[in-house]
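Note sheet for the following structure.
Every number here is computed from the coordinates shown, using simple stated rules; none is lab data. Keep in mind that what you see is a predicted model, and the values were worked out from it rather than measured. Using ideal geometry, Cβ is built from the backbone for each residue, glycine included, and neighbour counts are taken over all protein chains shown.
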Amino acid sequence: IPFAEETRLIIPIGYWVIRTACSQLREWNKLGFTNISLSVNVSIIQLQHPGFAEAVSRILSKTKIHPEYLELEITESILLESLDVIKNLNNLKKLGVKITIDDFGTGYNSFKCIQELNVNNIKIDKAFIYNINDEVNKAIIDAIIKLGHDINIEVTAEGVETEEQYDYLKKKRCDKIQGYYFSKPLLPEEATMFFKCALKNEAI
């Protein structure tokens, strides 16, 4: 990824990733899994590209995916001073695409991001989740969840691997959970089977 960013190959690669992700989401929609959102990480180099928001709009139109089901994850280190970045993010928000701050709490731009970008979701970095019994980590997790709820932003916890972590986050009303506690990363066909099993268990 650093090499791709340095050579700017990350721009065509990034578009391929978004097209592939949206096409896969469309396939799941056809199978009846219509209430699924899909998250894609984007690079600062992509966001600095003047036509990024327009290209994403065309991909959504071509794949017939509603914008609210696409979530783009950005890091706190994005250059908010860049006019192209701000313009792209604002245009994506107008489209209805959701914006998430990844690894929230680990960078220097945390609060500036949520103040200026009107994001939809913040993801608690797994570094705080890993040792959830640590009192400092608990205080940070509690504060991030409360902050998100107070300003109507969803909160996702990353790196959840144990029942103890899950139970604590559920008790604190964290909105979403991500991690090996539910599943390892899956190929598209494996994810399809996962959805089918989850739907079957829900029906039971």
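Tabulated values for the structure
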read-out	value
Fraction in percent of alpha-carbon pairs per bin - 5 Å, the stretch 7-105	2, 13, 25, 26, 18, 9, 4, 1, 0
Peptide ranges 26-36, 6-16 listed from the most packed, as the mean C-beta count within 10 angstrom indicates	6-16, 26-36
Proximal lysines relative to LYS170, as straight alpha-carbon distance under 26 Å, when same-chain residues fewer than 8 apart are discounted	LYS98, LYS123, LYS126, LYS138, LYS146, LYS184, LYS196, LYS200
Label corresponding to Kirkwood radius over Cα pairs in Å when calculated from the structure given, among [x] 19.2; [y] 17.2; [z] 18.1	[z]
In Å, descending, principal axis extents of the Cα set of the stretch 90-141	41, 18, 13
The chain, dipole about Cα centre (Lys/Arg Cβ +1, Asp/Glu Cβ -1), debye to the nearest 20	880
Counted charge near LEU25, where neighbours are those whose Cβ lies closer than 15 Å (Asp, Glu -1; Lys, Arg +1)	+2
DSSP H segments from the chain that extend 20 Å or more along their own axis, Cα-based, with Kyte-Doolittle mean of 1.0 or above	none
Where labels lie 7 Å past Cα in the beta-carbon direction, separation of ASN201 and GLU135 in nm	3.6
Helical mean residue ellipticity (222 nm; -39500 (n - 2.57) per DSSP H run of 4+; nearest 500) of the chain	-16500 deg cm²/dmol
Pairwise label distance in nanometres, PHE33 with LYS171, each label 7 Å out on the Cα-Cβ vector	3.2
Whole-Å distance, taken between Cα centres, linking the stretch 11-84 and the stretch 161-175	29
